[in-house]
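To start, the structure under review is shown below, and the notes come after it.
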Amino acid sequence: MADAFSAEEIVQLRAMTPGTRHRVHLNNAGAALMTTGVLATVVDHLNLEVEIGGYEAKAREVDRIEGVYGSVARLLNADPGEIALAENATVAWQWAFYAQRFKAGDRILTTTAEYAANYLSYLQVAKRTGAIIDLIPDDAEGRLDPRALDAMIDERVRLIAITWVPTNGGLVNPASEVGRIARAHGIPFLLDACQAVGQIPVDVEQLGCDMLAATGRKFLRGPRGTGFLYMKRSLLERTEPAMIDMYGASWTGGDRYNLRPDARRFETWESNYAGRLGLGTAIEEALAIGIPRIETRVKALAGGMRAMLSDVPGVIVHDLGPDPAAIVTFTLAGMDAAMDAAMVAARLAERSINVSVSAPSSTPIDGTRRHLPHLVRASPHYYNTEDEIEQLADAVRALAEC
């Protein structure tokens, strides 16, 4: 394939990733390894703050800081004025969700694989307002069923809010089909894309979402403590944030104020500019490589991992969907408690292999319905190698034989 990664390119990309020298990092759904370029961007700005002062450093680098909005916009096929930068995906998602207005009887439609953090917000708003939370049924492969969603629509539906790629199981929900239904009925659509951005091409126009939240630390390979919100201009113009300060609005005298005309009305005055610049670098590096190329490679690595793990006696892979993303979850025979998954992760860490543990409480509805125990989660990125996938499978096989 013309767009495949060559062996020489992988070597080069790994040379730009110091963390690959001594460990097999398969926890990219948690926090991917930063590149030397991202690190240098963050450290250089921090050094500038040390040398000349924080305000002065921001003033000197204001053009580059402004450019981060353009980088996010290019990543999403959006306008820079539709982008707000946040501390993380949760904050970005909450900005969007809590700016929506609900009353008693309004319906929020969401998925069985929704993040617990998002669902807690639904519960809080339901408690405060009397809104109703309704779950969209899944299809036979575990994905959100668009036909079932369409049948649920009535005049009381106030918001459709789904997670595109949940925290475990590799599931990829049909976000663009949800967007088509939402637009057809004029219903706001909030998409949690924290596990999708960086490993799947994202085009907000094609997706049909009105709001999208994501993080920098996962597959984008940005610094921790970074994220962003997209809000479509037509929705933004009639949306007031739940909270504002003097960055997002201006006091015009008496009891009057004006909101900023762009999505930065959600932001507050103080920010981590070093982290934001690092996020911009990470995005530009991903765009230079090509997100479609990244998607092809990570899916191939994850597919190979599933196949190898499935061949290990006693291993059960718990992934869903016909075309899963680069998140692989599994258990060993007899695992039925948190310590078992944690023990597997600890034993792999002793072999310098990074994975994580996914608790059923992270997606409580899905966890309860599928009777999931704590799962071992392995998530490859494009800088991982086929040899590293084999190392994981061999290590798990050794544990299974103990």
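For residue 302, what is the net charge nearby, where nearby means another residue's Cβ is under 13 Å from its Cβ and Lys, Arg count +1, Asp, Glu -1?
My count for the surroundings of residue 302 gives -1.
I want to check the label-to-label distance for residue 252 and residue 77. Put each point 7 Å from Cα in the C-beta direction and report it in nm to one decimal.
Reported label-point gap for residue 252 and residue 77 is 3.6 nm.
Given the peptides 202-214, 118-130, arrange them by the average over their residues of other C-beta atoms within 10 Å, most packed first. All intermediate terms of the calculation are to be shown ahead of the outcome.
Details: 202-214: 23.2, 118-130: 15.0.
Packing order, densest peptide first, comes out as 202-214, 118-130.
Bin by bin, in steps of 5 Å, what percent of the Cα pairs in the stretch 200-319 do you find, going until the bin that has the longest distance?
Taking every Cα pair in the stretch 200-319, the percentages come to 2, 9, 13, 14, 16, 14, 10, 8, 5, 4, 3, 1, 1, 0, 0.
What's the magnitude of the charge dipole for the chain around its Cα centre, counting Lys and Arg as +1 and Asp and Glu as -1 at the beta-carbon? Answer in Debye, nearest 20.
Values: 40 positive and 51 negative charges, 149 e Å.
The dipole magnitude comes to about 720 debye.
List every DSSP H helix in the chain whose Cα atoms extend 27 Å or more along the helix's own long axis and whose mean Kyte-Doolittle hydropathy is at least -0.5. Don't skip to the answer; put the middle values down first.
On the way: long enough: 291-310 (28 Å, 0.26).
The qualifying helices are 291-310.
Among 383, 266, 355, flag the residue with its Cα farthest along the positive direction of the charge dipole of the chain, charges on Cβ as +1 for Lys/Arg and -1 for Asp/Glu.
266
Two-decimal Rg/Rh of the stretch 1-155 from alpha-carbon positions, Kirkwood Rh?
Working: Rg = 22.0 Å, Rh = 20.4 Å.
Here Rg/Rh amounts to 1.08.
Over the chain, with a Gaussian network built from C-alpha contacts below 10 Å, which listed residue (47, 88, 28) shows the highest mean-square fluctuation?
Comparing 47, 88, 28 in the GNM, the peak value goes to 47.
Once you keep just the Cα pairs under 8 angstrom separated by 6 or more residues, what percentage relative contact order results for the stretch 38-288?
26 percent.
If packing is taken as the average number of other Cβ atoms within 10 Å across a peptide's residues, how do 245-253, 137-145 rank, most packed first?
Sorting 245-253, 137-145 by mean packing, highest first, produces 137-145, 245-253.
What does the net charge come to around residue 94 if you take all other residues with beta carbon closer than 12 Å to its beta carbon, with K and R at +1 and D and E at -1?
Details: positive: none; negative: 87, 192.
Neighbour charge sum, excluding residue 94 itself: -2.
Going toward the positive end of the dipole of the chain, with +1 on Lys and Arg Cβ and -1 on Asp and Glu Cβ, which of 229, 333, 118 do you reach last?
The one lying farthest along the dipole's positive direction is 118.
Would you give the gap between the C-alpha center of the stretch 22-84 and the C-alpha center of the stretch 193-216, rounded to a whole Å?
Cα centres, the stretch 22-84 to the stretch 193-216: 19 Å.
As an exercise, use a Förster radius of 22 Å and the Cβ-Cβ distance of residue 234 and residue 203 to find the FRET efficiency, rounded to the nearest 0.05.
In this case the efficiency is close to 0.80.
Please work out the Cα convex hull volume for the chain and give it in Å³ per residue.
153
Any read-out appearing in this document is the output of simple, stated calculations on the displayed coordinates, not a laboratory observation. This structure is a prediction, so every number in the text was calculated from the model and none was measured. Cβ atoms come from the backbone with ideal geometry, glycine included; neighbour counts cover every protein chain shown.
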